[in-house]
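Following: one structure in structure tokens, then a few remarks.
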Amino acid sequence: MRTVIYGMFVIGGLVLAALTLLSRREGSKVPSFGDIAGFVMAYQVGRIPVGRIAILGFWWWVGWHFLAR
């Protein structure tokens, strides 16, 4: 079971690396990871930073779902 989880992390890392390389080309239409993160984190409803709460909630879920043992 751990092999599947490790494999998914490796595949996710490779996909992220490939998208990073594609986003750094001149004139690329693929946004960088920083552009996407900045867009999500800037989202607000009134004065509540919903994007930041969503990012922190996602990482909290990842930590409890995959790393808590």
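Bear in mind that the values in this text are calculations on the coordinates, not laboratory data. Note that the structure is a prediction, hence the values are computed from the model and not measured. Neighbour counts run over all protein chains shown; Cβ positions are idealised from the backbone, glycine included.
Summary table below
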quantity	calculated
Filtered chymotrypsin sites (Phe, Trp or Tyr not before Pro), the range 32-69: DSSP coil and at most 15 other beta carbons within 10 Å	TYR43
Assigned charges on the beta-carbon of Lys, Arg, Asp, Glu; the range 2-67 dipole about Cα centre (debye)	40
Relative contact order computed over the range 2-67 (Cα-Cα under 8 Å; 6+ residues apart), in percent	14
Among 6-13, 50-57, the order from most to least packed when residues are scored by Cβ within 10 Å on average	50-57, 6-13
Value in Å of the Kirkwood radius, where the chain supplies the Cα pairs that are averaged	14.3
Listed residue (TRP61, ALA18, ALA42) projecting farthest to the positive dipole end of the chain, Cβ model	TRP61
